[in-house]
Amino acid sequence: MAGGLPDARINDAHIPEGRAPDMHRYHAATDRLGTTPLPMPPKVLATAGRPFAQRPVVRQSGLRLLPLAGFIWGSRATPPQPRTRADHILIWVTVGHLRLNFPRQQHVMECDAVRYIPAGTAFAALPMPGTEGHALLLAPALLRDIDPPFPRQPMAGSAGESREALLATLRELAEESAGPNSEKALQCLLGVLALRLARLEPIRANAGLPPLLGETQRPLVERFLSLAMAHLREGPTIADLAAELGTGTAALDHACQSARGKRAIDLMHEVRLQRAVEMLREGGQSPAQIAKELGYTSHTHFTRSFVAATGQRPETFRDQSS
């Protein structure tokens, strides 16, 4: 369950976290664990009834719980490079993969992987298309007097047999943060969450592989998405990317359909739009510059694609996100 904004506004509740979530997938992910879905926070910003245009926002308590598909973080580079945040982050992948980069370290978070990243740690996070899970954002003041304390350094583990208990704790945190006079209850629940983190299972041996393009052991679809992200500006065709991956367009399409239920061209459009949302949110470039940077044939092409996916013009989305 998204850089370039001034540090003073980095935690404003109205800032979109990259792509807005597909809430049907979000609730489906929790249903697969045999529990009730996490409740929607009390107030929702909805600027359009299309993807990328809305996300849940908890306005109280300094706690935000987001679907992982809506959490993108990093610099404006392609792919995003590590930047610091002023809040603590808990990331839990329940479906798919998330690219997580620290300075001089690259990881792929796989299904069931959990990461805790303290405030001030430089990192970049980029969920791959179809990824589901949870991103919990915590203001440092919330954890000041929690006993047991939260980790001081980044930590990683696997939810494993504790996944239902972890999900229940996140659900209770979301419920308490929505109510009045919830400080004591939140402190208690955050203490429980600290214990859950301390009891995470060791991460699986095959997780955390660095996402290098030459890694043949990585699934074809993951290598395709990484390659597409790295070459957006050039506007490569699917045939170009397939050739560089040593396969054909039919084989690549088949792999994408099997792994993600979509054709390669559709996944590539998602990657490009995902990056466009992030760049518009940063506000450092005009829509015309973004269109050129991401390999759209023209500003008009970019606008048409963005409106079809979000229901908004790029200029409108940027103004509402700034």
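The values are calculated or read from the model by the stated rules, or taken from the named source; none is laboratory data. Being a predicted model, the structure only gives us computed values, none of them experimental. Positions of Cβ are generated from backbone atoms using ideal geometry, with glycine treated the same way; all protein chains shown enter the neighbour counts. Accessible surface areas use protein heavy atoms only, side chains included; no ligands, DNA or RNA. Shrake-Rupley method; radii C 1.70, N 1.55, O 1.52, S 1.80 Å.
If we keep just the residues of the range 97-127 that are assigned to a strand (DSSP E or B) and polar (S, T, N, Q), which is farthest from the chain's Cα centre (by Cα)? Selected residue: Q105.
Could you pull out the residue among Q289, Q274 that is part of a helix (DSSP H, G or I) and closer than 18 Å to G130 by Cβ? Show your work before the answer.
Working: Q289 fails: closer than 18 Å to G130 by Cβ.
Q274 is the lone residue from the list that is part of a helix (DSSP H, G or I) and closer than 18 Å to G130 by Cβ.
Residues that are modelled with pLDDT under 85 and either of a type in the set (F, W, Y) or surrounded by 16 or more Cβ atoms within 10 Å (Cβ to Cβ) (or both) within the range 186-219 comprise I203, A207, G208, P211, R218, listed in sequence order.
When residues of the range 68-80 are filtered for being modelled with pLDDT of 85 or more and open to solvent by 10 Å² or more (accessible area, probe 1.4 Å), how many remain?
Within the range 68-80, the first condition is being modelled with pLDDT of 85 or more, and the residues that meet it are 68-69, 71-74.
Now drop any that are not open to solvent by 10 Å² or more (accessible area, probe 1.4 Å), which leaves 69.
The total comes to 1.
Taking the criterion of being in a helix (DSSP H, G or I), among the hydroxyl-bearing types (S, T, Y) and touching a helix residue (DSSP H, G or I) at 6+ places or on another chain (Cβ under 7 Å), would at least one residue in the range 128-139 satisfy it? Can you show your working first?
If we filter the range 128-139 for residues that are in a helix (DSSP H, G or I), which is where we start, we get none.
Taking every residue of the range 128-139 in turn, none turns out to be in a helix (DSSP H, G or I), among the hydroxyl-bearing types (S, T, Y) and touching a helix residue (DSSP H, G or I) at 6+ places or on another chain (Cβ under 7 Å).
A single entry from A251, A259 fulfils the requirement of being of a type in the set (A, V, I, L, M), closer than 25 Å to L68 by Cβ and open to solvent by 30 Å² or more (accessible area, probe 1.4 Å): A259.
Answer yes or no as to whether G246 is of a type in the set (G, A, S) and modelled with pLDDT under 80. Can you show your working first?
Values: of a type in the set (G, A, S): yes; modelled with pLDDT under 80: no.
Answer is no for this residue.
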